[in-house]
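*Asks:* Questions regarding the structure given below will be posed in turn.
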Amino acid sequence: MRPIHFSLFVLFLFSVLSVKSQISNDSIPRHDSFTITSHQLSEIRKINIWTPANYKTNYDSLPVLYMLDGGIQEDFPHIANTIAKLIEEKKINPLILVGIENTQRRKDLTGPTSVKRDKKIAPVVCGSASFRNFIKDELIPEINKRYHTKEKKGIIGESLAGLFITETFLLTPDLFDTYIAFDPSLWWNNEYLVKHTKAILKSFTTKRKIFWFAASGEETIADNVKQLSEILKTSNKENILWNYLPQPNEKHSTIFRATKEKALTWALNQL
């Protein structure tokens, strides 16, 4: 069997190449953009916002879905276009989509690790706590100031973004109401999150939370995600409404697009 760190390197490489190829074919939807100077991150971040047609005249306020990898050259166009389609088909209710464009993706989306090979994926890693504080203390208040928003909000992402979403769901569950994670990289830090989920859930929030997650057939990811689902199944947490979708025939590079409509339809209709 190939060493796991070699498998993960290949996984990242082909995922990036595939995503860039797919994004080139996505039409860019009408959207707003602004920059925000973050004190938490000590940098300027670009934010992209999609709103439904006639947003200013037809809606008093709307829930917000925040998305990671939310740049115009990232996943923002295809998710915005999919949401527009689902709203038009009346499969989901109208909402605002907020895309957070990357600067140092692998820094922002990874938590602490004691594993040396984890630290080799980027010059800087382990910045998820600061990134989460940026979202909580700076971005969300700015979006609420600029747009007519409801309190209900969710977050969506894939791969390392799925890791960040799962970490946020477990460690700071009250930050969002709905969490959507595709192929979360739960191998990070020697599977720390999976190994500690049972203990974390003992003092978990009592507020209602929605968690949708899926796994491709990628061996470095599928087993950990399945294990997470089994822990949730035996936790008997009635306030967690969750849905696990195994997709063994999908690859890490295809699962986001292949399952996004199922994820959005199920999760957003629970808001």
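*Asks:* Search segment 236-253 for residues being in contact with a helix residue (DSSP H, G or I) (Cβ under 7 Å, 6 or more places away or on another chain) and in a strand (DSSP E or B), and hand back the single one that is nearest to PHE204 (Cα to Cα).
*Replies:* The extreme case among them is ILE240.
*Asks:* Tell me whether segment 156-167 contains one or more residues that are farther than 28 Å from PRO63 by Cα and in a helix (DSSP H, G or I).
*Replies:* no
*Asks:* Spot the failing condition for MET67; the list is (1) buried (at least 18 other Cβ atoms within 10 Å of the Cβ); (2) more than 22 Å from GLN270 (Cβ to Cβ), and only one is missed.
*Replies:* (2)
*Asks:* Now a separate question. Could you list, in sequence order, all residues of segment 140-151 that are surrounded by fewer than 17 Cβ atoms within 10 Å (Cβ to Cβ) and not in a helix (DSSP H, G or I)?
*Replies:* Answer for segment 140-151, where residues must be surrounded by fewer than 17 Cβ atoms within 10 Å (Cβ to Cβ) and not in a helix (DSSP H, G or I): HIS148, LYS150, GLU151.
*Asks:* Six or more apart or on different chains, Cβ atoms under 9 Å: show the pairs whose first residue is in segment 113-139 and farther than 20 Å from TRP187 by Cβ and assigned to a helix (DSSP H, G or I) and whose second is at pLDDT 95 or above and basic (Lys, Arg).
*Replies:* SER130/LYS107; PHE134/ARG45; GLU138/ARG45; LEU139/ARG45
*Asks:* Might you check whether a residue that is within 25 Å of GLN270 (Cβ to Cβ) and part of a loop (DSSP other than H, G, I, E, B) occurs anywhere in segment 103-111?
*Replies:* Scanning segment 103-111, I find at least one residue that is within 25 Å of GLN270 (Cβ to Cβ) and part of a loop (DSSP other than H, G, I, E, B), so the answer is yes.
*Asks:* Further question on the same structure: Looking at the structure I just gave you, is ALA267 crowded, with 18+ Cβ neighbours inside 10 Å, in contact (Cβ under 8 Å) with a residue 12 or more places away in the chain, in a strand (DSSP E or B) and not β-branched (Val, Ile, Thr)?
*Replies:* no
*Asks:* Continuing with the same structure: Name the single residue, out of those in segment 171-193 being over 21 Å from GLY127 (Cβ atoms) and β-branched (Val, Ile, Thr), that is surrounded by the fewest Cβ atoms within 10 Å (Cβ to Cβ).
*Replies:* This residue is THR178.
*Asks:* Right, here's the next one. Within segment 75-82, identify whether any single residue is within 17 Å of SER130 (Cβ to Cβ) and of a type in the set (A, V, I, L, M), and answer yes or no.
*Replies:* no
*Asks:* Over 17 Å from LEU68 (Cβ atoms) and surrounded by fewer than 18 Cβ atoms within 10 Å (Cβ to Cβ): is that true of LYS209 in this structure?
*Replies:* Criteria not met by LYS209.
*Asks:* From the residues in segment 45-66 that are at pLDDT 95 or above and among the hydrophobic types (A, V, I, L, M, F, W, C), which one is nearest to HIS148 (Cα to Cα)?
*Replies:* Going through the qualifying residues, I end up with LEU62.
*Asks:* So PRO77 passes all but one of these: (1) buried (at least 19 other Cβ atoms within 10 Å of the Cβ); (2) closer than 20 Å to ASN144 by Cα. Which condition number does it fail?
*Replies:* For PRO77, the failing item is (2).
The values are calculated or read from the model by the stated rules, or taken from the named source; none is laboratory data. A quick note: this is a predicted structure, and the numbers were derived from the prediction, not measured. We place every Cβ from the backbone using ideal geometry, glycine too, and count neighbours over all the protein chains shown.
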